[in-house]
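Take a look at the structure below.
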Amino acid sequence: MLERVRKFLFHPVKAFSEVKEDTLSDAFKYFMPLLFILAVILAVLLFAVMNVTGMSQIISMLPMPFTVDPAIVVLGGVFLCVLLGGFLLILYGSVWLHIWVLIFGGRDKRLKQSFKVVAYGSTPVYVLGWLPGPNILMAPVWTIIAWISGVMQLHEITSGRAIFIVIVSVIVPLIALGVMACSLMPLLVKP
């Protein structure tokens, strides 16, 4: 597993050529443990930040219908949100990327290949996604580069098309989110 992580981080072209015949089950077995570890790390980090900043005392003053420590509820909530959100993002990202692969002529038209691109190619986010600072940008950019390698290898597309497909599949949802945020802003900020 660690060797495969290293390959996807530092040699994605070679790594994707090795997983061309992997099954969906193989991809799940790869990314679920990494996503689980990321969810644990993010939950523990938030818990530590809450304790250091005193937020846990503020949260403990909130009325709760049960006797569990509210910080533990937050810890579990963050863990479940990261785990479920990460899983859903992999599924959404795979289908969305696959639409663009079909539009721009991927030779291997199986959705399984797009799923593997997103699941394996997201390794930088799994491994570095919890680090603050420059990794907020570095991990996603590294992931995009890995996805481009994956699209080239698994869908047998030229580098130019692969770059275009991945960039468009990332930018279109970001633009849509930006438009939604701008349209909702007047509702949130009342004079």
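The numbers here are math on the coordinates, done by the rules we state, and not lab data. Note that the structure is a prediction, hence the values are computed from the model and not measured. All Cβ positions, even for glycine, are placed from backbone atoms using ideal geometry, and neighbour counts span all protein chains on display.
Summary of values
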{"read-out": "Shape of segment 8-49, Cα gyration tensor, a/c cut at 1.5", "value": "oblate"}
{"read-out": "For the chain, the longest site-free run once trypsin sites (Lys or Arg not before Pro) in DSSP loop states with at most 16 other Cβ atoms within 10 Å are removed", "value": "21-106"}
{"read-out": "Unit charges on C-beta of K, R, D, E only; dipole of segment 97-191, Debye", "value": "200"}
{"read-out": "Efficiency of FRET between Leu102 and Lys20 - r from beta-carbon atoms, R0 22 angstrom, step 0.05", "value": "0.75"}
{"read-out": "FRET E, pair Glu3, Ile72, Förster distance 41 Å, beta-carbon r, rounded to 0.05", "value": "0.70"}
{"read-out": "Helical segments meeting 24 Å axial Cα length and Kyte-Doolittle -1.0 threshold in the chain (DSSP H)", "value": "24-53, 70-103, 135-154, 159-188"}
{"read-out": "Extension reserve of the Phe87-Lys112 stretch, reckoned as 0.36 nm per residue once the Cα distance is removed", "value": "7.5 nm"}
{"read-out": "Dipole magnitude (debye, nearest 20) for the chain, charges at Cβ of Lys, Arg, Asp, Glu", "value": "380"}
{"read-out": "Which of Gly129, Thr53, Ile167, positive extreme of dipole for the chain (C-beta unit charges)", "value": "Ile167"}
{"read-out": "FRET efficiency, Val52 to Ile167 (Cβ-Cβ, R0 41 Å, nearest 0.05)", "value": "0.60"}
{"read-out": "Prolate/oblate/rounded label for the chain (Cα gyration tensor, a/c 1.5)", "value": "prolate"}
{"read-out": "Extreme residue, positive dipole direction of the chain, given options Val73, Ala43, Ala15 (C-beta unit charges)", "value": "Ala15"}
